[in-house]
Structures are given as structure tokens and as C-alpha cells.
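Taking it in order: structure first as C-alpha cells, then the write-up.
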Amino acid sequence: MLNEKTAIGPGLLFMLNFSAVYGYGFFLSMYFAAKYFGVNGIWGGILIFILMIPVLYIVTDLGHRFPGKSIIRYLPEITNAFPAKIIGFVYLVFLVLLTCWSLNIISRIFNLYLLPRTPFQVILGLILLIEFYITSKGIEGISRVTAFIFIFCLIFVLLFTVSSYQNFQLDNVLPIFDFTLKDLKNGKYFEGIIHLFNVGLPSAMLFMVYPYLSERRKGLKTLLVSSGLAVLLIEMVIISNIGIWGSKGVLQFDWPFMELGKQTNIPVILQTVGLFVLPIMLIQNLFAGSSFYFATAQGCSEFFGKYNYRIYRWFLLPIIFFTSVWTTNAVVIRSLFNYFVAFGFGVVFILPLFLWLIALMRPEKTAGSERGQSK
């Protein structure tokens, strides 16, 4: 069973999942959609959500089959003990990398746009300490603070998203369908799918968090709606980016959302919304990173045993810091990021599907499930 005697309702799970998906996926989705799909990048958000649906279903279905247990706890019941250890370790490694990459994104943007004279390592260390403190409050504390700022963040996100269409040009998103057989054969679209699924990588955290849900019968609906809202807002910004600069124009920017923020304004109220939206996006990413950090620490607690997640936070602190610092080099990032997203696609999409299929073929392992019932 879970080490912590706490629970979160569907509303808190909604806020937590929305913050994770939107706060993490917003920064990179625009660039990847334009790079790999060109003008067809306007369909990127739809493709992301389609890929996330089976993952979210598997999260909830396995949660019902093994109530009160995270993926680390029910792995031995699906497979034998030795494969369960290997799979569990691979899953924990990915959670560490996901935490590091999320931390790297927010630190890099802080360094480039808000604190350019401050050493990157200092910014990264301070943000990591903030996430370390937030994680100490447990999943209930993280989700409650996320819920507290949700409305405020959503208002600014909607203002930014709607106002970003001021310079939209329809010609930049035409033709609506422009798929070529050549790109399909050379695997460009498949590579693009893997990179776009980067937005769905926060779903890995749900395999550790879902057991805390107090009303499991509402789990799938909660995750689908929260993920759908997050992806919808991301999709709207993808369309506005390509509509303003064209798919090739988007690629001239390392961080397209920042350029969009600079030229987006709300007449009378704000001359530009960029300086207001950037902190909101960073706050969303901060809580996304905190949820990843918690999932990693809790996973280590269940995998290795002996200590609770609060102790493992300390063990993980230097690992996350030095791994994040090591990946700050641009050459390292470009060479390793493709491996990271491919690894993430395997851990978040392929591996859960594999485990779910085994669980279906071994019904005796889930005879005591509480499918469809609330806790």
C-alpha cells in the first residue's frame, strides 16, 4: 500500500494533470510541430491528444485492477519478480530524466529572458531547491497549491492565446492537408510523432500519483478532460505561431512562444502580454517539475524500500542537480534529446501498453480488482 496516508479528489487530480501537461509541453510543442510537419503542424495538438488517450486509459484501468498500488507495486503481479525489477528501474531512470529536463527548460528560459547575468547553475540550483521544498508537502500539498493558482493562470493563458491571433494570416496554414509520400517513406512523420509526444511524457507521473485518487470511477474522465484542455490551449498557440510566421518562419526562433509574446498585445489593457505570460508559464512548469520530483522520490521509496519519499528527496537532490548541469551544453542537448524523447515514448506509451496486455491475458492476477468502484 501507499506510504503516505493522504488522498486527492478528482478536482485536485484535474489541476495537477493540467499543470503538468500544459506547463511542460507548452514550451517545445510549437517548434516540433513546425519542424517535423511543416504546414501540417496545425494538426499537432490533435495528434498529441490521440496518442495520449490510450495511455490515460491504461493508467486508469491498471489503477482499477490494482487499487491502492502504483506501477512499482503492481509490476511484480503482472510479470515475474526479476523483470519487474528491471522495468521498475528503467521507469525510475526515466522519471529522473524527466525531472531534469523539465528543470533544465525552466532554468534556461529564466537565464535567457529574466536573469541573463546570473550564472545558469545558480538559477538551476535555486529552482531545484524550490521544487525540493514544494515536494516536501506531498502530492496533496502540490495539487492544492496548483489548484489555488489555476484560475489566475488560466485567465492569462486564455488572454494570451486569443490575442496571439492578431497577425494571423490564413495563407500560412494553407493547404490544410499537405502530406507527401516522400516524407512518409523516409520516416519524417514518425520521428515527428515521437517528438510531439514529448507533450504527453508527464503521463509517466500519473502511474505513481493515480493510487492517491479518492474516487477512481471518475479517474478516466478527469484525466481526459484535463489533458484535453491543456492540449487544446497548446494546439491554439501552435496554429497561431504557424499562422503568423509560417512553418519555416517558426524555425528561426529557439523559443517561438517568446517571440509570440513580444508581438502579442491587448489594446488599452496591456501593451504586451509577454512579460505577464512568461511568469505564468514558468509557474506552471515549476509545479509540473515538482510533481515529477515527487513521483520519482515516491517511486524510489517503493522500489528500494526502507525510507519514505521525504528521505529519498535528499538522495535525488545532487543526482538531479548534476545531471541537469551536465545537460546544459548545447551540443549535449542536441545529441541526447532525440534519445530522450525516443526513450520517453517507449516508457510512457509502449511499456504501459505491453504491461496492460499482459494483465489482460493473466486475469487471475487481477481477480480482486475494484474496477468501476470508488474507494
Task: Nitroxide proxy distance, nm - points 7 Å out along Cα→Cβ at ILE155 and ASP178 - done: 3.9
Open item on the list: Residue by residue through the range 214-230, what is 3J(HN,Hα) from phi via Karplus (6.51 cos²θ - 1.76 cosθ + 1.60, θ = phi - 60°)? Round to whole Hz and write x for glycine and proline.
Closed with: 7, 10, 5, 5, 9, x, 5, 4, 4, 5, 5, 5, 5, 5, x, 5, 4
Task: Degrees, to the nearest 10: 44-65 long Cα axis against longest axis of the chain - done: 10
Open item on the list: Is there a quick way to get the dipole size of the range 46-179? I mean about its Cα centre, with the Cβ of Lys and Arg at +1 and of Asp and Glu at -1; what is the value in debye to the nearest 20?
Closed with: 480
- [ ] Give the residue from GLN121, ILE86, GLY63 lying farthest towards the positive end of the charge dipole for the range 10-366; charges sit on Cβ (+1 for Lys and Arg, -1 for Asp and Glu) and the dipole is referred to the Cα centre.
- [x] ILE86
Open item on the list: Output the 0 to 90 degree angle, nearest 10, between the alpha-carbon long axis of helix 138-163 and the longest principal axis computed from the alpha carbons of the chain.
Closed with: 20
TODO: Quick one: among ASN17, ASN308, ASN80, which has the greatest mean-square fluctuation in a GNM of the chain with alpha-carbon springs under 10 angstrom?
DONE: ASN80
- [ ] Could you calculate the contour length gain from LEU357 to ARG217, that is, 0.36 nm times the residue separation minus the distance between their Cα atoms, to one decimal place in nm?
- [x] 48.3 nm
Open item on the list: For a 29 Å ceiling on Cα separation, which of these pairs sit above it: LYS35/LYS262; LYS69/LYS221; LYS188/LYS221; LYS137/LYS218?
Closed with: LYS188/LYS221
Task: Dipole axis of the range 10-366 (+1 Lys, Arg; -1 Asp, Glu on Cβ), positive-most option in PHE294, ILE176, ASN104 - done: PHE294
Task: Given the chain, longest segment not containing exposed loop chymotrypsin sites (Phe, Trp or Tyr not before Pro) (DSSP; at most 16 other Cβ within 10 Å) - done: 1-164
Task: Whole-Hz ³J(HN,Hα) from phi, Karplus 6.51 cos²θ - 1.76 cosθ + 1.60, for the range 24-41, glycine and proline x - done: 8, x, 4, 5, 10, 4, 5, 5, 5, 4, 6, 5, 9, 10, x, 5, 6, x
- [ ] Express in nm, to one decimal, how much length is gained between GLN166 and ILE46 on full extension, taking 0.36 nm for each residue of separation and deducting their alpha carbon distance.
- [x] 40.9 nm
- [ ] Would you be so kind as to identify which of LEU351, LEU158, GLN284 lies farthest towards the positive end of the dipole of the chain, taking Lys and Arg as +1 and Asp and Glu as -1 on Cβ and the Cα centre as origin?
- [x] LEU351
Task: Neighbour-count order for THR296, THR264, fewest beta carbons within 10 angstrom listed first - done: THR264, THR296
TODO: Note down the magnitude of the dipole of the range 10-366 about its Cα centre, charges +1 on Lys and Arg C-beta and -1 on Asp and Glu C-beta and zero elsewhere, to the nearest 20 debye.
DONE: 680
Task: Residues with amide H under 5 Å from that of ILE8, placed H, sequence gap 5 or more - done: LEU213, SER214
Task: the chain: proportion of alpha-carbon pairs further apart than 36 angstrom, % - done: 20
Open item on the list: 7 Å from Cα along Cα→Cβ at both LYS188 and LEU232: what's the point-to-point distance in nm?
Closed with: 3.2
Open item on the list: Between LYS248 and LEU112, what's the calculated FRET efficiency when r is the beta-carbon distance and R0 is 22 Å? Round to 0.05.
Closed with: 0.45
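Just so you know, all these numbers are worked out from the coordinates, no wet-lab data involved. As the structure is a prediction and not an experimental result, all values here were calculated from the model. Cβ atoms come from the backbone with ideal geometry, glycine included; neighbour counts cover every protein chain shown.
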